[in-house]
Amino acid sequence: MKSIFFIACLLTTNLHAQTTLQFDKRFLDSEDKWVAFEANKEGAHSFGFIYIDAQAGLTLNYEGTFTISPSGEFIPAKKENAIMKVRLQPNNVLVAFIPESKFSELQIEAIPGWLQNYKRDTNSVSRLYRWGFLYNGWEECEKALTYLEKANQINPAFKGLAVELAFSYNCLGQYSKAVSVLQIALQQDPKDAYTNKELIYAQIRSGDLDKAAVSCKNAINICTDVTFHGENCYNLLHELYLKKDKANFNLWIAETKKWNTEKEKIMSSIEIMNKELNQ
């Protein structure tokens, strides 16, 4: 009976140790969190604090490693003297949040003292804009909006804010909101190529192809930055193809080819659409 009891206790202890950490969190879900990584072959977990640096982006402040004892205690290895900060890229790696009950065992503070250096002016327009910009870059547009809309309430004229806000709206399929924001932005800087691109995209996606065509022509005429001309024309042409609008498709095919001559795949796609629509 004693041996059965001992085995039962051992199984319970091991189960506790294995389930203390749940590796189901993305880096992007881990801002301002202590996290642990899956154990290596020796059973050691790397751990650290994830935060956002306005310049570097998502960053891990690497703290060291720890192991988990059979009783579930987190045992940290001897701390290294060198501070290591690792820039993180959003990917499929999953981490676990370290339970607050384990902070004392790891000899860490819930909120590291150094974090305050990255939390200054948390409600300033520039900070809110930068955080929104970063989350948009990671295609976390809904979260980006939580920052950008706050910034817009404070100062809608802040440089770059309108188009970044519109990018979020376009990303989330809220095209009418994007159009409204972009039209205001273009009143201030009508020649901005990126703002024009986002407007054309919003108009195309909302099905307003007549206005998209006008905007596309306007961008070609006034924008000295030609970076997006090919993309704008192709997006419009492709939508006209999908709508089986042969007349307007034929009006735009030459212009689209003009700005995409060096893009082999795009040119091939144009020829296929033209052949199918005009056969």
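The values are calculated or read from the model by the stated rules, or taken from the named source; none is laboratory data. All values reported here derive from a predicted model rather than from experimental measurement. A quick note on method: Cβ atoms are made from the backbone with ideal geometry, for glycine too, and the neighbour counts reach across all protein chains shown. Just the protein is used for accessible areas: all its heavy atoms, side chains included, with ligands, DNA and RNA removed. Shrake-Rupley method; radii C 1.70, N 1.55, O 1.52, S 1.80 Å.
Past 20 Å, Cα to Cα: identify those pairs from 217/275; 159/197; 197/257; 33/159, in the order given.
Violating the 20 Å limit, Cα to Cα: 217/275; 33/159.
Give, in nm to one decimal, the length gained when the segment between residue 23 and residue 69 is fully stretched (0.36 nm per residue of separation minus the Cα-Cα distance).
That works out to 14.7 nm of additional length.
Pick out which of 133, 228, 167 has the largest mean-square fluctuation in a Gaussian network model of the chain, springs linking Cα atoms closer than 10 Å.
228
What whole-number value in Å² describes the accessible area per residue of the chain for a 1.4 Å probe?
On a per-residue basis, the chain sits at 58 Å².
I'd like the Karplus ³J(HN,Hα) series for region 34-42: coefficients 6.51, -1.76, 1.60, θ = phi - 60°, whole numbers in Hz, and an x wherever there's a Gly or Pro.
So the J values, rounded to whole Hz, are 7, 10, 10, 9, 3, 5, 7, 4, 8.
I'd like the orientation of helix 175-188 relative to the chain: the angle between its Cα long axis and the longest Cα principal axis, in ° from 0 to 90, rounded to 10.
Rounded to the nearest ten degrees, it is 70.
Taking the full set of protein chains and a 1.4 angstrom probe, give the accessible area of residue 138 in square angstrom, rounded to the nearest 10.
Using a 1.4 Å probe on the heavy atoms, I get roughly 40 Å².
Can you compute the radius of gyration and Dmax for region 162-279, using only the Cα atoms, both in Å?
Cα radius of gyration and Dmax of region 162-279 are 14.1, 45 Å respectively.
Put a dot 7 Å past each Cα toward the Cβ at residue 210 and residue 41; how far apart are the dots in nm?
Inter-label distance under the simple model: 6.9 nm.
Which Cα, out of 218, 240, 187, lies furthest along the positive dipole direction of region 174-267 (beta carbon charges, K/R +1, D/E -1)?
Result: 240.
Based on alpha-carbon atoms only, what is the radius of gyration of region 137-192 relative to the globular estimate 2.2 N^0.38 Å?
The reported ratio for this selection is 1.05.
Where in region 58-87 does the amide nitrogen come within less than 13 Å of the point 7 Å from the Cα of residue 107, taken along Cα to Cβ?
Residues 64-66, 75-81 fall inside that zone.
Determine the relative contact order of the chain: mean sequence separation of Cα pairs under 8 Å and six or more apart, normalised by residue count, in whole percent.
10 percent
Just the C-alpha atoms of the chain: what Rg/Rh do they give, with Rh taken as the Kirkwood radius?
1.16
Give me the percent of the accessible area of the chain that comes from carbon and sulfur atoms, probe 1.4 Å, all protein chains in place.
53 percent
For the chain, what does the helix formula give at 222 nm: sum of -39500 (n - 2.57) over DSSP H segments with n ≥ 4, over the residue count, nearest 500 deg cm²/dmol?
Calculated from helices alone, the mean residue ellipticity at 222 nm is -16000 deg cm²/dmol.
About the Cα centre of region 133-242, how large is the charge dipole given +1 on each Lys and Arg Cβ and -1 on each Asp and Glu Cβ? Please answer in debye to the nearest 20.
200 debye
If you stretched the chain out fully between residue 116 and residue 218, how much longer would it get, using 0.36 nm times the residue separation minus the C-alpha to C-alpha distance?
32.0 nm
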